[in-house]
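Read through the structure below, which is laid out as structure tokens, and then see the notes.
The values are calculated or read from the model by the stated rules, or taken from the named source; none is laboratory data. These figures come from a predicted structure and were not determined experimentally. Virtual Cβ from ideal backbone geometry, glycine too; neighbours counted across all protein chains shown. Ligands, DNA and RNA are excluded from the accessible area calculation, which covers all protein heavy atoms including side chains. Shrake-Rupley method; radii C 1.70, N 1.55, O 1.52, S 1.80 Å.
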Amino acid sequence: MGMYRRISVTTATLIVLTLGYIAQCNATCFDPLDDVTSRDPDKFKDLRDWVPPANSEAKEVKYFLSPSNDAHVRVKEVVNIDFYNVTFKAPSGKTLKDVFKNIRLQFGNFARGQDGDFDFLPYGKFWEWNEYSEANRKKWESDDPKGALMSFKLDTQFPHAKLTTLEGIGRLGEKIYTPWGDVQATCTSPTDFIFSTVRSVRGLSHPVAGNRGFGLKDAGGGNWMFYSKAVDRESDAYSNRMPGKGVFCYGHLFWLDFYANMKAYLNNNGMPVQKVAYDNHGTVKWPLGSGPPPEQPPCQ
């Protein structure tokens, strides 16, 4: 009887561990919208409430700019929520995991925009390709990029001078005000991940305090959908004090270019795009409550 009990307990333990492993492997970091046009604030609370694990900051990260932490937020009552998505024909003979990684590794090309004014690259020191940026690159390009510290070169109030002319060289000072928005991959799965904004040693504070998730799912009818979902608040970054369109407007314009380049990539690689949707964006009242949304200037 004693041996039977021991075998039963051992078998039960293995079953529990196996089920837990399967659940972990199938888990995702956040929930996509069932209705891609939904502006229901409750549907965005998963990213509002996401807090990276304690002591998970990458090297050179001072702290995470969590949207739920008012300490590093400049405008307290306003939050941006958005859900951009691209639906395309599923490629034959490929898995969601494989295609998601391929798309993820194209982020640099997508982020550079139509004119190549912006960028996305591994975090490292200014003006040099060092050992730490190489470590971030390898982590980002691996099957699991969790912990990778990456940098977005973002839009600002200042023109993006081309430094190939005398006029461009003369406007070098304006380039200094181009913010580097540093982000860390804080949750990952085979088909989605979350970027959390940070204050870093090099890039200082990202212009927004927030979490943005990216994912890929089966959309039915032989189509797949790549999507991003975000909850952002205006951070205390110095660039946010400058006059201009506003950080959420600049962000939207950045993502328009990003998804335009993604559409071209998918079409050119045998995955014809059926639809690109980027209308679901804008501000609501913090903390994702009811009531009329705050006014915001048009993004032009």
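Might you check whether a residue that is open to solvent by 20 Å² or more (accessible area, probe 1.4 Å) and at pLDDT 95 or above occurs anywhere in the stretch 159-182? No, every residue in the stretch 159-182 fails to be open to solvent by 20 Å² or more (accessible area, probe 1.4 Å) and at pLDDT 95 or above.
Comparison of Val284, Val231 shows that the only residue that is under 24 Å from Asp182 (Cα atoms) and among the β-branched types (Val, Ile, Thr) is Val231.
If you go through the stretch 57-71 and keep only what is open to solvent by 40 Å² or more (accessible area, probe 1.4 Å), within 19 Å of the chain's Cα centre (by Cα) and either closer than 19 Å to Pro287 by Cα or not charged (D, E, K, R) (or both), you end up with Tyr63, Ser68, Asn69. Look at (1) at positive phi; (2) part of a loop (DSSP other than H, G, I, E, B) and you find that Gly282 fails only one, number (2).
Has the stretch 247-260 got any residue that is touching a residue at least 12 places away in the same chain (Cβ under 8 Å) and assigned to a strand (DSSP E or B)?
no
Screening the stretch 1-33 for residues that are modelled with pLDDT of 50 or more and open to solvent by 60 Å² or more (accessible area, probe 1.4 Å) and picking the one that is farthest from Gly289 (Cα to Cα) gives Thr10.
Matching residues to (1) over 18 Å from the mean Cα position of the chain (by Cα); (2) within 12 Å of Ser66 (Cα to Cα):
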residue	(1), (2)
Val183	no, yes
Thr186	no, yes
Thr197	no, yes
Asp218	yes, no
Phe226	no, no
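The residue that is nearest to Val75 (Cα to Cα), counting only those in the stretch 245-272 that are aliphatic (A, V, I, L, M) and open to solvent by less than 30 Å² (accessible area, probe 1.4 Å), is Val247. Based on this model, can you work out whether Lys275 counts as surrounded by fewer than 17 Cβ atoms within 10 Å (Cβ to Cβ) and either modelled with pLDDT of 95 or more or within 17 Å of the chain's Cα centre (by Cα) (or both)? So Lys275 passes the test. Look at (1) open to solvent by less than 50 Å² (accessible area, probe 1.4 Å); (2) on the phi > 0 side of the Ramachandran plot and you find that Gly289 fails only one, number (2). Of the residues making up the stretch 34-45, one or more are under 30 Å from Arg241 (Cβ atoms) and at pLDDT 95 or above. Each residue in the stretch 207-224 was checked for being modelled with pLDDT of 95 or more and open to solvent by less than 20 Å² (accessible area, probe 1.4 Å), and 8 pass. If you go through the stretch 72-81 and keep only what is aliphatic (A, V, I, L, M) and open to solvent by 30 Å² or more (accessible area, probe 1.4 Å), you end up with just Val75.
Remark: Gly291 falls outside the filter, which requires a residue to be over 21 Å from the mean Cα position of the chain (by Cα) and either at pLDDT 95 or above or closer than 22 Å to Val51 by Cβ (or both).
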